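Undergrad: Before I ask anything, here is the structure I am working with.
The values are calculated or read from the model by the stated rules, or taken from the named source; none is laboratory data. None of these values were measured; they are calculated from a predicted model. Note that we place each Cβ from the backbone using ideal geometry, even for glycine, and neighbour counts take in every protein chain shown. Accessible surface areas use protein heavy atoms only, side chains included; no ligands, DNA or RNA. Shrake-Rupley method; radii C 1.70, N 1.55, O 1.52, S 1.80 Å.
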Amino acid sequence: MPKIGMEPLRKRELIDAAIRTIGQRGSLDVTVAEIAHEAGVSPALAHHYFGGKEQLILATMRHLLKELGDDLRTALQAAKTPTARVAAVIAVNFSASQFAPETVAAWLTFYVHAQKSDETRRLLRIYARRTHSNLAFALGQITDRATAAQIAEGAGAMIDGLYIRHALRNGAPEASSAIAIVEDYVTTKLAAAGALQ
């Protein structure tokens, strides 16, 4: 029987362990028992909190999306100009918590899993729509809506692509390099559209 008040802490430990375990394995070919062992809890407790592996995977994705959303809201509140808002959206996607090697590997595994899981696909679509919406809104204050939407789509694709590229390399991903690449793309596209003076 779990101790009263420990549920949020244990759930978070299991989610963190899922990220590490999936990231280290590079696939969802992990068991709840392996994740529980990594978290230092019993498999029975993991099943009690999440019901099964699929529910634990989805809870892990929701956690990462919530973290990303919380970080983005904080960054956007501090951004005072449209250009700063665009930079904030890009930077948050490559933040230390999101762009850690195990988290990158977990995200890529989720993309593969989305091919056979409707709920995983739905969560990834939410992420993609939010990224596009935030970029398009900020860019729409700099250029026309059609151009803003096109640049936002390209920037979103670059963010996803840089996750894949960095997953193929050994060592820690270089967030500053990834941010610079996406920012350069956005600046080049805005200049080509005549939106930069």
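Undergrad: V86 passes all but one of (1) closer than 30 Å to T143 by Cβ; (2) modelled with pLDDT under 95; which number fails?
TA: Unmet for V86, out of (1) closer than 30 Å to T143 by Cβ; (2) modelled with pLDDT under 95: (2).
Undergrad: Condition first: in contact with a helix residue (DSSP H, G or I) (Cβ under 9 Å, 6 or more places away or on another chain) and closer than 19 Å to A178 by Cβ. Can you find one or more residues in region 115-122 that meet it?
TA: The answer is no; no qualifying residue exists.
Undergrad: Right, another one. Scan (1) more than 21 Å from L108 (Cβ to Cβ); (2) surrounded by fewer than 18 Cβ atoms within 10 Å (Cβ to Cβ); (3) touching a residue at least 24 places away in the same chain (Cβ under 8 Å) for the single condition R10 breaks and write down its number.
TA: Every condition holds for R10 apart from (2).
Undergrad: State whether the residues of region 170-187 include one that is open to solvent by 20 Å² or more (accessible area, probe 1.4 Å), farther than 16 Å from T83 by Cα and either of a type in the set (D, E, K, R) or touching a strand residue (DSSP E or B) at 6+ places or on another chain (Cβ under 6 Å) (or both).
TA: Yes; the residues of region 170-187 include at least one that is open to solvent by 20 Å² or more (accessible area, probe 1.4 Å), farther than 16 Å from T83 by Cα and either of a type in the set (D, E, K, R) or touching a strand residue (DSSP E or B) at 6+ places or on another chain (Cβ under 6 Å) (or both).
Undergrad: Given the criteria among the basic types (K, R) and more than 30 Å from D184 (Cβ to Cβ), does K80 qualify?
TA: The answer is no for K80.
Undergrad: Residues of region 94-115 being within 17 Å of E67 (Cβ to Cβ), at pLDDT 90 or above and open to solvent by 10 Å² or more (accessible area, probe 1.4 Å), which ones?
TA: S95
Undergrad: Here's another thing I want to ask about it. Taking region 34-46 only, how many residues are under 24 Å from P101 (Cα atoms), open to solvent by less than 30 Å² (accessible area, probe 1.4 Å) and of a type outside the set (V, I, T)?
TA: Residues flagged as under 24 Å from P101 (Cα atoms), open to solvent by less than 30 Å² (accessible area, probe 1.4 Å) and of a type outside the set (V, I, T) within region 34-46 amount to 2.
Undergrad: What are the residues in region 47-76 that are crowded, with 16+ Cβ neighbours inside 10 Å and without any contact (Cβ under 8 Å) to a residue 12 or more places away in the chain, if any?
TA: Scanning region 47-76 gives no hits.
Undergrad: From the residues in region 116-154 that are among the hydroxyl-bearing types (S, T, Y) and open to solvent by less than 30 Å² (accessible area, probe 1.4 Å), which one is nearest to F94 (Cα to Cα)? Please lay out each step first, then the result.
TA: First, pick out the residues of region 116-154 that are among the hydroxyl-bearing types (S, T, Y): 117, 120, 127, 131, 133, 143, 147.
With the extra rule that they be open to solvent by less than 30 Å² (accessible area, probe 1.4 Å), the set shrinks to 117, 120, 127, 131, 143, 147.
Working: S117: 26, T120: 21, Y127: 14, T131: 13, T143: 25, T147: 24 Å.
Per the stated criteria, the residue is T131.
Undergrad: Need a quick list: helices (runs of 4 or more DSSP H) entirely within region 85-194 having at least 3 residues that are free of Cβ contacts under 8 Å to residues at least 12 places away in the same chain and under 16 Å from the mean Cα position of the chain (by Cα). Even if it seems obvious, please write down each step before you answer.
TA: On the way: elements: 101-113, 118-139, 145-167, 175-192.
Because the criterion is at least 3 residues that are free of Cβ contacts under 8 Å to residues at least 12 places away in the same chain and under 16 Å from the mean Cα position of the chain (by Cα), the helices (runs of 4 or more DSSP H) in region 85-194 that meet it are 118-139, 145-167.
Undergrad: Can you go through T31, T21 and tell me which one is of a type in the set (S, T, N, Q), open to solvent by 20 Å² or more (accessible area, probe 1.4 Å) and over 27 Å from L135 (Cβ atoms)?
TA: Every option except T31 fails the conditions.
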